[in-house]
1. So which helices (runs of 4 or more DSSP H) stay within region A:211-272 end to end and still have 3 or more residues that are away from every other protein chain (no Cβ under 14 Å) and either open to solvent by 30 Å² or more (accessible area, probe 1.4 Å) or modelled with pLDDT of 50 or more (or both)?
2. In region B:113-131, which residues are open to solvent by less than 60 Å² (accessible area, probe 1.4 Å), in contact (Cβ under 8 Å) with a residue 24 or more places away in the chain and either under 18 Å from B:Q78 (Cα atoms) or in contact with a His (Cβ under 7 Å, 6 or more places away or on another chain) (or both)?
3. Given the criteria assigned to a helix (DSSP H, G or I), closer than 30 Å to A:N60 by Cα, within 13 Å of another protein chain (Cβ to nearest Cβ) and open to solvent by 70 Å² or more (accessible area, probe 1.4 Å), does B:E160 qualify?
4. Name the one entry in B:E277, B:E261, B:E267 that is modelled with pLDDT under 85 and either in a helix (DSSP H, G or I) or crowded, with 18+ Cβ neighbours inside 10 Å (or both).
5. Consider B:A185 against the criteria (1) more than 12 Å from chain A (Cβ to nearest Cβ); (2) in contact with a Gly (Cβ under 9 Å, 6 or more places away or on another chain); (3) more than 25 Å from B:K136 (Cβ to Cβ); (4) of a type in the set (G, A, S): it satisfies all of them except one. Which criterion is unmet?
6. What's the total number of residues in region A:56-90 that are open to solvent by 10 Å² or more (accessible area, probe 1.4 Å) and β-branched (V, I, T)?
7. Filter region A:128-167 for residues that are at negative phi and among the small types (G, A, S) and give the result.
8. Looking at this structure, is B:G21 open to solvent by less than 50 Å² (accessible area, probe 1.4 Å), closer than 23 Å to B:R93 by Cβ and either in a loop (DSSP other than H, G, I, E, B) or in contact (Cβ under 8 Å) with a residue 60 or more places away in the chain (or both)?
Amino acid sequence: MAEDLVLDTAIRDWVLIPLSVVMVLIGVLRYFVSKLMRSSSPSPDPKIIKEGQVVVRARNLRAAANFIPAKSFRARKAYFSNEENGLLFVPKGQAQNPQAQMFSDPNMAMDMMKKNLSMIIPQTLTFAWVNFFFSGFVAAKIPFPLTQRFRSMLQNGIDLSTVDVSYVSSRSWYFLNLFGLRGLFSLILGEENAMDDTQKMMQMGGFGFDPSKSQFTWRVVEDDDWVSSLKVVGDWSLGAEKDSLDIVQHDWALPKFEQRAEAVLRKLVSDH
Amino acid sequence: MVSKTEEARVAVLENQVDNGGGGAWEYLCLVRKLKLRRSDKVLKHGLSILNDPGKRSSLGPEEWTLYEQVAIAAMDCQCLDVAKDCIKVLQKRFPGSKRVGKLEAMILEAKGSWAEAEKAYSSLLEDNPLDQVILKRTATMAKAQGNLSGAIELLNKYLEIYMADQDAWRELGEIYVSLQMYKQAAFCYEELILSQPTNPLYHLAYADVLYTLGGLENLQSAKKYYASATDLTGGKNTRALFGICLCTHAIGQLTKGRNKEDKDSSELQSLAATALEKDYKRIAPAKLSSLTSTLKSLNLSS
């Protein structure tokens, strides 16, 4: 193991603190920029809202089918999935795959691009900036020892295997800040406004391209802006919902409840 | 849905705020987040914050949200002057805002000047024909004017698009019941049961409708739903217990002489009757005699 390195206090004053401050400022700036760029949501398409609601209702029907009488269930099932004008029935050929639909809607592609731009550009710039000015510094030391595995996390940019792992390089400090400042942002900008970088990363990572995967990533965004995610879920989930509704077996649960109610009442009556 | 923990938290905060402790703002936030209807409390505590310039300015931009919340609460409590003041402040701050426009239309509605309110709502709808709140308000306005068929029409139109909205289904169900259109009401309550299969109140309401519809099949279903409501409430719901007794009696009347009714169901109603008697003995002993005579007339007395 190498001797203890003594870090110059100038490194603290001119690398560690400026880097953190800059990261915070950039985070705040990015928040305001993305707020500016967020287009006021245009009135959503009634068809899309309706599709979303149909899916919710069909899902409810599927989940709680056994709680309504058989007759009512059959009527609803026919209403949802008959082959002429059922709500869940998507005529063949009309079903678009979600990706195509996404790109066919310019508004949506635009939104995506804005969102991605607002995070990629500043990130690339800051990374370049950090690399240019601060590369190769050992910026800090954490007060406890760590195993070798952490070397790639904490000493990015320093290729010395002899330096103790508890030293943090400036580039790693940048990454730690990038991912670790979320709590601070939620303090500064309010709970909901905190930029969730990790989540955005996930989004981006999932942006390539098999349908099942993109389905997943879009679910992640759901709370962010549900309307645009609904757009993607769209027709695809209508068909899926119809398929799963078709295979639901109705088995009325209520007769069982009579026995259960009897048991409940018997217990109630018997204990004094 | 409001979860148990949130409910408990609201109760704690409410208690604290009512007894002069702090936390009024947290309480108001929670009420708003959970969409509870505690208008009197919101009005009282919200106003106490708004009337204190120091507290008010410490809210920052949330101040305007509070104005809106208090305005709506005030309209609910018919304190129209307070509501008007709140809206005036908001108007000054956000001239031409749609959200404030909504409040203005609502105050017209609260005052009962229907024609003007309707005009305001429809002009708002022109900009955004799918606004859930406004569509619902127009329906309730029709109901408030006694125009039930109009309300039904509006609600149906609303549910055509927002068909997963439970509140609208419940409202529609209630209107149908009041108009004695029980088949339609039954459909609405089925929809509610589907969306919340473990809510005993929906089971109970559905059972009521089925019982009112009559007919052997419906009565038997009604009995089953009364039974499920009993089960879901742990036997604490008096109405469900009475329902079981009445259904059994009615079914007995209809199948009289046929005598192929299986015996196992009779157990349930005698149990229900015993449970009722026990409840009355405990809570309202004075009325026990009238209960026994009622049950006797249903041939159910144990």
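The values are calculated or read from the model by the stated rules, or taken from the named source; none is laboratory data. No experiment lies behind these values; they were computed from the predicted model shown. Quick reminder, even Gly has a Cβ in these numbers, built from the backbone with ideal geometry, and neighbours come from all protein chains shown. The accessibility values were calculated without ligands, DNA or RNA, using every heavy atom of the protein model including side chains. Shrake-Rupley method; radii C 1.70, N 1.55, O 1.52, S 1.80 Å.
1. Values: elements: A:211-221, A:226-246, A:254-270.
Those helices (runs of 4 or more DSSP H) span A:211-221, A:226-246.
2. B:A117
3. Working: assigned to a helix (DSSP H, G or I): yes; closer than 30 Å to A:N60 by Cα: yes; within 13 Å of another protein chain (Cβ to nearest Cβ): yes; open to solvent by 70 Å² or more (accessible area, probe 1.4 Å): yes.
Judged against the criteria, B:E160 is a match.
4. Details: B:E277 fails: modelled with pLDDT under 85; B:E261 fails: either in a helix (DSSP H, G or I) or crowded, with 18+ Cβ neighbours inside 10 Å (or both).
So the residue among B:E277, B:E261, B:E267 that is modelled with pLDDT under 85 and either in a helix (DSSP H, G or I) or crowded, with 18+ Cβ neighbours inside 10 Å (or both) is B:E267.
5. The single condition B:A185 does not satisfy is (3).
6. 2
7. Hits for region A:128-167 are A:A128, A:S135, A:A139, A:A140, A:S152, A:S161, A:S166.
8. Values: open to solvent by less than 50 Å² (accessible area, probe 1.4 Å): yes; closer than 23 Å to B:R93 by Cβ: no; either in a loop (DSSP other than H, G, I, E, B) or in contact (Cβ under 8 Å) with a residue 60 or more places away in the chain (or both): yes.
In short, no.
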